[in-house]
1. Using the basic label-point model (7 angstrom from Cα toward the beta carbon), what is the residue 375 to residue 332 distance in nanometres?
2. Mind running the shape call on segment 200-316? Use the C-alpha gyration tensor, a ≥ b ≥ c as the square roots of the eigenvalues: rounded below 1.5 for a/c, prolate if a/b tops b/c, oblate otherwise.
3. Work out, step by step, the length gained on full extension between residue 382 and residue 362: first 0.36 nm times the residue separation, then minus their alpha carbon distance; give nm to one decimal.
4. Using Cβ counts within 10 Å as a stand-in for footprinting exposure, how do 99, 301 rank, fewest first?
5. If neighbour count is taken as other Cβ atoms inside 10 Å, put 299, 279 in order from fewest to most.
6. Using the number of other C-beta atoms within 10 angstrom as an exposure proxy, rank 195, 315 with the fewest first.
7. In nanometres, what is the gap between the two model label sites at residue 427 and residue 255, each 7 Å from Cα along Cα-to-Cβ?
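Readers should treat all values here as calculations from the given coordinates under stated rules, not as data from a laboratory. What you are looking at is a predicted structure, and each value in this text was computed from that prediction instead of being measured. Neighbour counts run over all protein chains shown; Cβ positions are idealised from the backbone, glycine included.
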């Protein structure tokens, strides 16, 4: 433990020294360039201690990339570098995949490399070391040389679908220290996602709606069994118990306010609909949350691929209008434009009522009549010729920023349409016209059925 903190302290000190050196370094380096060794397996250009830099910029010609600072002073402490320092593999049960890593010896002494697999610090899901084969099993690496290793991961047929982590160490440095700096210290951080294509397509990954207290709503979750066998389901409501709800105006729905209707079996190749009826309490405020656990009895469906999140925003009509003022310098007509956007996040927002506004314009002579001269709405639609993006896979790949959900509103009747058209946010527009007058004006806007709006006032001739 003392050695652990010692290495941590050294690491922090080195980072501080590096930052200071970068800030005050002279624009030209007067230090003599070291003599380069001509062997093709040697590193092209060692980094000088007086010239800390991204090592990727120094030895990229060797096909090597490591997006971290690696000054010469750190090489003296930990001379072995692994490229890449992190690898992520997706493998189906019964199959295998492999990757190649390159090790660089920046030290002064030759190193004996004997790679082995060890648990990853702070990880609860370690895969069996028998899954991994590394070749060569042993290698000698002289100063300035590099050595390739092939790492093959073979997943057993009966492996559970999950994310697994481990470290592959090539040096004799203590594992808990090496794991803190993937790529340095002869350590490779290895993650393996064991997966199978889901046998049930879940087209709604969440339900998002704007609701009113005391009202009832109905939503549908559409499923399709793409397997060659019947699959059982048993949907049930789950109360949200996330701790962070306690720090906002969010609360969980009560189980007694949610009624679910669904078949118990989906036959091979057939579709099914899960109907969710929600009663909003009369005293509800803020946001109501919950989950529908579809309980799909199939190995290919992991825990989160079959949970549909619910987020219901309880609409509260403001008691007072939004009020502002403006000054007209001419008596040209006054044109007021109001825009409201419904961010329905991939067609998951099921509200069907369009927003509207009550407008009051006043000047020195009192209230001025305004006329609604136009209204309209626009929306974004994404076309995709691919199969639905399964929520479970998206959760597994969230670490890569690849998370994406497809959901369907209660108005969709065509079970196939959401494979092609995915509606995004909708914009509503209203334009009002009033006779102008020089002087100060007051504008009042009372919104209905919207969470946001923006406005603009134009004083001038009407096109």
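1. About 2.7 nm, to one decimal.
2. It is prolate, given that a/c is not under 1.5 and a/b is the larger ratio.
3. My answer for the length gained is 2.9 nm.
4. Ranked by crowding around the Cβ, least crowded first: 99, 301.
5. 299, 279
6. Values: 195 22, 315 18.
Arranged by neighbour count, lowest to highest, 195, 315 become 315, 195.
7. Label-label distance for residue 427 and residue 255, simple model: 4.6 nm.
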